[in-house]
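Down below is the structure, laid out as structure tokens.
We did not get these values from a lab; they are worked out from the coordinates using the rules stated. All figures in this text were calculated on a predicted structure; none of them were measured in a lab. Note that we place each Cβ from the backbone using ideal geometry, even for glycine, and neighbour counts take in every protein chain shown.
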Amino acid sequence: MKILHTADWHLNTTLGRVDLNPQIINALEQIAGLLEVHEVEVMLVAGDLFEKSRPDQMRRAVGEIKRIFLPFLECGGAIVAIAGNHDSEIWFDTMRDALRLATPHPSGRGGFHLTAMPEYLRLKDKRDQEVQFALLPYPTPRSYLRGEKIHYDSIEQKNAFVKEGFAQALKTLEEKKIDPTLPSVLMSHVHVSGAQTHTLYKISEIEDVIFKQSDIPTHWAYVAYGHIHLPGAVPPTSQHVRYSGSIARLDAAERDDIKSVVVFEVDQSGRKGEVQILPLQSAPFYQIEINDPDDIEKLPSEYSDLESALVFYTLRWQPQKHNLNKILGELDRIFPNWYGRKIERVENIQATSANGSTPLPVYDVAGNALAYLNERFENHAEREELMTLAHEILAQALTPSEVETKNPL
């Protein structure tokens, strides 16, 4: 059985003002191509398919998954997905119940299987050989706690209870479900210590349940992990215990990551051959400093893929020399996917006129307003959103003749 391991899609996520769905959908379309090229029969999605979002956003995201992967399912392929910490457990369970009402593929293979609870699953390949899967979603009280341990007094106690519940669920699957005569694969969405990571995406370690490598057995033919966005094996010397990583660069910490998926094969004796790491193309991240706005027109020739690139820029401008509103509009055109920016006002020493008097300064109304707001809300958590809104309002409110005027006093 050919199996593809992926995780951490994070459909419906944003970065600053940017909707990242185009980048994520591009990666999913690449994965669909790899399923066909490598004759994959089962795709594992180890959690975080979605960001928690509005029903209309979820509907659109599910529509994209259907569009991209329905041909794979119609040919008898199977998709097996578990809930991650960013997924809605209730939504997953609702979808699972609905999918069980669907007509199965005539071959008896394939289908879309997803769960927010610990589960055991068997699937057949094209030769009717069975592979068994132990599915252990992200450890939460709803998924792993029962009875009196649902109540806890602190985050530390909750994490300890959930960790114990996870271990018990895994033990139960091994003792009561796993057939030792069949190859088996474990899939989970957890943080295992020793995994290489540059960041835990939108979650602090105090909120996370962290497992030692010895806490989870590694005797499986393959262990498919999600949650850590940097791809790699655990430990690095291992081949068959892996994080696939996220499929797109989701924040600046991931700007140098080479995103990828993993393909491996399982037969009656277990894993067959070496795993294959298949790279995915990702949009570049740029951090750009603009010290002279007069050079803005050179930027497209200096940076590639600006239509899709995710950009944070620093702009330094002089109120006596530049029209900030016009500059920002031009940068919006050049960097359609800028997710953050810093605007620094640089004062210029005014020249003295021939008769010895100081000329009246030129006032950029919108520029001064934006500069003031940028300084006023420098440490505000929603500064970028406020600045974007102010820019849009000023662009609509001021006509070209009002943007630059002589001394309004």
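General remarks:
- Distance between the modelled labels on ARG146 and SER269, one decimal in nanometres: 4.0 nm (7 Å Cα→Cβ projection).
- Candidate aspartates and glutamates for bridging to LYS177, where Cα separation is under 16 Å - those fewer than 8 sequence places away on the same chain excluded: GLU119, GLU130
- Within the range 276-303: backbone nitrogen closer than 18 Å to the LYS321 label point (7 Å, Cα to C-beta): 289-299
- The three principal axes of the Cα atoms in the range 37-189 give end-to-end lengths of 50, 45, 28 Å, sorted in falling order.
- Antiparallel bridges, percent of DSSP beta bridges restricted to the range 2-279 (to nearest 5): 40
- With the highest mean first, a sort of the peptides 322-331, 45-54, 219-228, 190-199 on other beta-carbon atoms found within 10 angstrom per residue produces 219-228, 45-54, 322-331, 190-199.
- Shown here are the Rg and Dmax of the Cα trace of the range 207-343, at 22.0, 76 Å.
- Each Cα pair under 8 Å and six or more residues apart adds its separation to the average, and for the range 1-131 the resulting relative contact order is 25 percent.
- Simple label model, 7 Å out from Cα along Cβ direction - ASP128 to GLU330, nm: 7.1
- Along its three principal directions, the equivalent ellipsoid of the range 2-279 from the Cα gyration tensor extends over semi-axes of 25, 23, 20 Å, largest first.
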